[in-house]
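The values are calculated or read from the model by the stated rules, or taken from the named source; none is laboratory data. As the structure is a prediction and not an experimental result, all values here were calculated from the model. As a convention, Cβ positions derive from the backbone with ideal geometry for all residues, glycine included, and neighbour counts pool all protein chains shown.
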Amino acid sequence: MTDCRGYFITGTDTGVGKTIVTLGLMQTLQARGQRVAAMKPVASGCSATAAGLRNDDALLLQRQASLQVDYALINPYAFEPPVAPHIAAAQAGVRIDLDVINSAYVRIAGQADCVLVEGVGGWRVPLNATETVAEMAQGLGLGVILVVGIRLGCLNHALLTVAAIESAGVSLTGWVANCPQPASADADTDANITTLRSFIPAPLLGCVPFLPEAGAAQVAGYLTLPQSDPKKPR
């Protein structure tokens, strides 16, 4: 297998900008000359197509990749209803199996220098009756990057998520402050970011402002990744 490094991208909630940050991180790594691929192993809210169910975010990750990767590897579990993944899976008569996800990851990692894996929802979103996104990240053994949606209530959500990541025994590589909506009077963006920097024991990798038509290259301009990360995938 290629000597591959990777990151697991999680968020404080759904809709905080995990995908656009993942695309920006991919662009950042590609600018360093790395062959980069990405996964969104579990996705609900998919659309029916002639080729099967497809998720818009997973398709964006597929297009951004440095190499051609089969969609079934990028998104092994695709569900049509826009509901929590374990509920969507139960409705489809499917159990989300982390071994399937790990196998897909290994196949992609064998072709790439770096693989970014985007979680679904937040850190403790259930995937089946006993396992959550946290167990998926643990099984992959990747350093975690936390996307914090900077909005009212983000301090509590971010600090609880950081505590849960630490208790899971995985490495928090860093966090990204992303503004998924225009700033409002009840959410002081700068003050929230300053507070989080003082409480989160991991580097701030970037502050992404509200960008209505954000693309990977534009977001990459706001991000900084460490040149190396001691955590390697298996």
With the first residue restricted to segment 216-227 and required to be under 12 Å from residue 173 (Cβ atoms), and the second required to be polar (S, T, N, Q) and exposed (fewer than 13 other Cβ atoms within 10 Å of the Cβ), Cβ contacts under 6 Å at 6 or more apart or on different chains are none
- Message: Condition check: within 20 Å of residue 200 (Cα to Cα) and among the polar types (S, T, N, Q). Does residue 128 satisfy that?
- Response: no
Note on residue 167: of the conditions (1) crowded, with 19+ Cβ neighbours inside 10 Å; (2) free of Cβ contacts under 8 Å to residues at least 12 places away in the same chain, unmet is (1)
Selection from segment 88-144 of residues without any contact (Cβ under 8 Å) to a residue 40 or more places away in the chain and hydroxyl-bearing (Ser, Thr, Tyr) yields 103, 130, 132
When segment 8-24 is checked residue by residue, the ones that are more than 10 Å from the chain's Cα centre (by Cα) and under 12 Å from residue 145 (Cα atoms) are 12
In segment 10-43, residues that are farther than 22 Å from residue 161 by Cα and either among the acidic types (Asp, Glu) or out of contact with any Leu (no Cβ under 8 Å at 6 or more places or on another chain) (or both) total 6
| request: Would you confirm whether any residue within segment 180-197 is hydroxyl-bearing (Ser, Thr, Tyr), under 23 Å from residue 25 (Cα atoms), surrounded by fewer than 22 Cβ atoms within 10 Å (Cβ to Cβ) and at pLDDT 95 or above? | output: yes
Condition set outside any loop (DSSP other than H, G, I, E, B) and not polar (S, T, N, Q), scope segment 81-97, selection nearest to the chain's Cα centre (by Cα): answer is 85
task: Kindly indicate whether residue 24 is touching a Cys at 6+ places or on another chain (Cβ under 6 Å) and on the phi < 0 side of the Ramachandran plot.
output: no
